[in-house]
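Below you'll find the structure, written out as structure tokens, and then a few comments.
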Amino acid sequence: MIQLALLIVLAGYCLGILLSLLFHHRPRIQNVVAHGSALLGAAGGVAVGAMGLAAESPFVFSLPSTLPLLRYAVRLDPLSAFFVLAISLVGVAVSVFALGYVREFYGRHSIGALGALYNAFLLSMTLVVLADDGFFFLVAWEIMSLVSYFLVVTEHEKAEVRYAGFFYLIMTHVGTAFIIVTYLVFYQQAGSFSFDAFRNLSEPLPQALQSVAFVTALIGFGTKAGIVPLHVWLPYAHPAAPSHVSALMSGVMIKTAIYGMVRVYFDFLGGEFPWWWGFVVLTVGAVSALLGVMYALMEHDLKSLLAYHSVENIGIILMGIGAGMIFQSYGLTHLAALGLLAGLYHTINHAMFKGLLFLGAGSLLYATHTRNMEEYGGLIRKMPWTAFFFLVGAVSISALPPSNGFVSEWLTFQSLFLSFQLPDLLMKIMLPIGAAMLALTGVLALACFAKAFGISFLAMPRSAHARHAREVPATMRAGMAGLAAACVLLGVAPMVVVPAIDRVTAPLIGVSIADKVLAEGGFAVMPMGTGFASISPAVLGILLAGLVPLAWLVAVALGGKFRKRYYKTWGCGINLTPRMEYTATGFAQPIKQVFSTIYRPTVKLETELLEESHYFAKHMRFETHIEPVFQEYLYDPVVRSLNAVADRLRVIQTGSLQLYLSYIFVTLLLLLLWVR
């Protein structure tokens, strides 16, 4: 059955790649063929993931290659099955959404090329998490990076899109270089690129080489994941890409980096590492989470705001994984499994609600043709279904009960608070500090999405774009509805999710903890059964859902039959206009002032006074900017240094063919002397 499901995955995506390029000048057919094939492949991926999680043993398959060191080997174990399931669930919803959304590109871009790249993107991500060979993994990883680059620059006629694509291409290849170094460290000891050889070394890696592998994996995979300070490409690439592609990039592509980290740390290295590795991961996660949400609050471009929240949530995931690594280093295996379980729970949760939010942003862009929240307003009347689905995503990412984000962040909190069982005083102090940073992150995330939803959907329209907006097509609403339902189910059904993720963590940590996390028949979550804290998301969801009809019954009992009356909002006798509404800038201003040391804002105010009186202004122009600290003080100096070195080396490029031949001759001579 697994073989058949894998064949469906391969056939669906490959048909989408090939058939999308046919039917020239018939974009409607290309759209249906491309995304229908992707839907078939993703549905097969859901089956593969589900069967892989339920299987008693890993499924392994390989084909020989004519290239040395390369084997087309795949392995479906619980870890890879979990990520295949996450990729495919989002792929199903996004493929349905794209059937309507891609109509916006008719006549402007090649729908066939866009559809072929879209299928190749989903296929490459699936192969990345299935690969059982380092060389094959790198091939799939490179295809994923290149295909996503071409998708990012879909609207390449815009200069800012070309810059975003170039920036992303550089950063992703820097990360790939570090991943290559990681695999070369294992290859040196194993003599093979086989993952099975990596995890079954004849002699363990020396501690120094293990630390090298840890650091290079953190940098290599962290670049793709978007950890601070390697996050700078996300706010460029995610907004530039088509919105359905942004949903895949933010929802699942960056999760392939989480897969890579877990695979290297807990599988290849056997989960045996010094305490400082976990502390570094925890610290990077905490800093990424806090800075990600802080910069998101300052954004008025909705897709840029969501991109920074990807940085935040990757940080939350790494906090759970980092806590698990710390517990593992001290031999507290049950707590280590809890931290890893919390991180993976948030991984799939983030895939669902971030995919939903990017689809919601794409719907707003489709209806209004702008990403600027300052030009939205009043859209809840024009687009009620989009508003509802976006609200579900906003509640989930803000970790409000009974959403899925609440459950996984609550488990992360518990793993951090249980640090009192650690024997090391420093770790007993640092993990609760991490919990405090996570709490601050949660508060700021709630403020950010109060801004995003309120400014976008409430009050009055602020522009002609918002006044003439209409609800999006049914396929787009269906895609959002699927992810919204997944957010709710993942929140209220931990009795299903926790045992499934426990099947992933148990082989990596060596212990099963599902029965120690769930209580009362699975309806209550009680980590380690200590009575330290407990919550019942299902009961909480039922109670909250019951409050709505209860409030209605009370209102009817006290006030009688409902009647609608329309009045103007009282504004001190003044007719209210959209210019009087709260803006995104005004909403974020208090937070900008509180954290001005980090934001380092610059303000520019230009005033043109009346000729008759210098006490009254004719025109005023106000601009405020956040200083891009990481780009200005980290990346720009590196670029300037590289340019300076390139200028000095330019002297060897004279254009003389004879000189170039002499370079080759000298190089060959030196190589012969070296190998002699």
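The values are calculated or read from the model by the stated rules, or taken from the named source; none is laboratory data. Treat the numbers as computed from the prediction; the structure is a model and nothing was measured. Quick reminder, even Gly has a Cβ in these numbers, built from the backbone with ideal geometry, and neighbours come from all protein chains shown.
Condition test on Gly16, is it of a type in the set (Gly, Ala, Ser), in contact with a Pro (Cβ under 8 Å, 6 or more places away or on another chain) and buried (at least 18 other Cβ atoms within 10 Å of the Cβ)?
no
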Count - residues of the range 435-490 that are among the polar types (S, T, N, Q) and in contact with a Ser or Thr (Cβ under 9 Å, 6 or more places away or on another chain):
1
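This table checks each residue for (1) more than 27 Å from Val228 (Cα to Cα); (2) among the charged types (D, E, K, R); (3) touching a Pro at 6+ places or on another chain (Cβ under 9 Å).
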site	(1), (2), (3)
Glu632	no, yes, no
Tyr635	no, no, yes
Val638	no, no, no
Leu649	yes, no, no
Gln653	yes, no, no
Gln658	yes, no, no
Tyr663	yes, no, no
Val666	yes, no, no
Leu670	yes, no, no
Is it fair to say Leu344 is under 15 Å from the mean Cα position of the chain (by Cα) and either surrounded by fewer than 24 Cβ atoms within 10 Å (Cβ to Cβ) or not assigned by TED's automatic domain parsing to the domain that holds Lys382 (or both)?
yes
Checked Pro423, Pro402 against criteria (in a loop (DSSP other than H, G, I, E, B), surrounded by fewer than 20 Cβ atoms within 10 Å (Cβ to Cβ), more than 18 Å from the chain's Cα centre (by Cα) and of a type outside the set (A, V, I, L, M)); the one match is Pro423
Going through (1) of a type in the set (Phe, Trp, Tyr); (2) not in a strand (DSSP E or B); (3) not assigned by TED's automatic domain parsing to the domain that holds Lys451 one by one, Phe622 fails only at (2)
Yes/no for Lys428 being over 24 Å from Gly285 (Cα atoms) and either assigned to a helix (DSSP H, G or I) or not acidic (Asp, Glu) (or both)
no
Identify all residues within the range 486-512 that are surrounded by fewer than 17 Cβ atoms within 10 Å (Cβ to Cβ) and more than 24 Å from Val46 (Cβ to Cβ); write none if there are none.
Gly510, Val511, Ser512
Would you mind telling me which numbered condition in (1) assigned to a helix (DSSP H, G or I); (2) β-branched (Val, Ile, Thr); (3) within 21 Å of Ala296 (Cβ to Cβ) Thr602 fails?
(1)
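Please find, within the range 274-293, the residue that is farthest from Lys592 (Cα to Cα) out of those that are among the aliphatic types (A, V, I, L, M) and either free of Cβ contacts under 8 Å to residues at least 24 places away in the same chain or surrounded by fewer than 24 Cβ atoms within 10 Å (Cβ to Cβ) (or both).
Of everything passing the filter in the range 274-293, Val280 is farthest from Lys592 (Cα to Cα).
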Here are some conditions: (1) at pLDDT 85 or above; (2) under 30 Å from Leu79 (Cα atoms); (3) surrounded by 13 or more Cβ atoms within 10 Å (Cβ to Cβ). Asp515 meets all but one. Which one does it not meet?
(3)
Top-ranked residue in the range 103-121 [being over 17 Å from Met249 (Cα atoms) and among the aliphatic types (A, V, I, L, M); ranked as surrounded by the most Cβ atoms within 10 Å (Cβ to Cβ)]
Ile111
Only one of (1) without any contact (Cβ under 8 Å) to a residue 60 or more places away in the chain; (2) outside any loop (DSSP other than H, G, I, E, B); (3) buried (at least 23 other Cβ atoms within 10 Å of the Cβ) does not apply to Gln414, and that is (1)
Restricted to the range 583-605, and to residues that are charged (D, E, K, R) and surrounded by 10 or more Cβ atoms within 10 Å (Cβ to Cβ), which residue is modelled with the highest pLDDT?
Lys592
Pairs only if they're at least six apart or on different chains, beta carbon under 8 angstrom, first in the range 357-378 and in the same structural domain as Glu471 (by TED's automatic domain parsing), second acidic (Asp, Glu) and at pLDDT below 95; list them, first residue then second.
Tyr366/Glu104; Thr368/Glu375; Arg371/Asp301; Asn372/Asp301; Met373/Asp301; Gly377/Glu581
Out of Pro461, Pro494, Pro507, I need the residue that is more than 22 Å from Phe353 (Cβ to Cβ), within 26 Å of the chain's Cα centre (by Cα) and at pLDDT 90 or above. Which one?
Pro507
Candidates Val139, Val102 - the one that is within 30 Å of Ile2 (Cα to Cα), among the aliphatic types (A, V, I, L, M) and touching a residue at least 12 places away in the same chain (Cβ under 8 Å):
Val139
Would you check which residues across the range 452-485 are farther than 25 Å from Leu99 by Cβ, of a type outside the set (Gly, Ala, Ser) and crowded, with 23+ Cβ neighbours inside 10 Å and list them?
Ile455
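Checking the conditions here, which among Leu576, Leu649 is closer than 30 Å to Ala464 by Cα, modelled with pLDDT of 80 or more and among the aliphatic types (A, V, I, L, M)?
The match here is Leu576.
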Can you tell which of Leu490, Leu508, Leu576, Leu518 is among the hydrophobic types (A, V, I, L, M, F, W, C) and without any contact (Cβ under 8 Å) to a residue 40 or more places away in the chain?
Leu518
What do you reckon, is Phe388 under 16 Å from Ala286 (Cα atoms), over 20 Å from the mean Cα position of the chain (by Cα) and surrounded by fewer than 22 Cβ atoms within 10 Å (Cβ to Cβ)?
no
Only residues that are surrounded by 10 or more Cβ atoms within 10 Å (Cβ to Cβ), modelled with pLDDT of 75 or more and of a type in the set (D, E, K, R): list them for the range 611-639, please.
Glu627, Glu632, Asp636
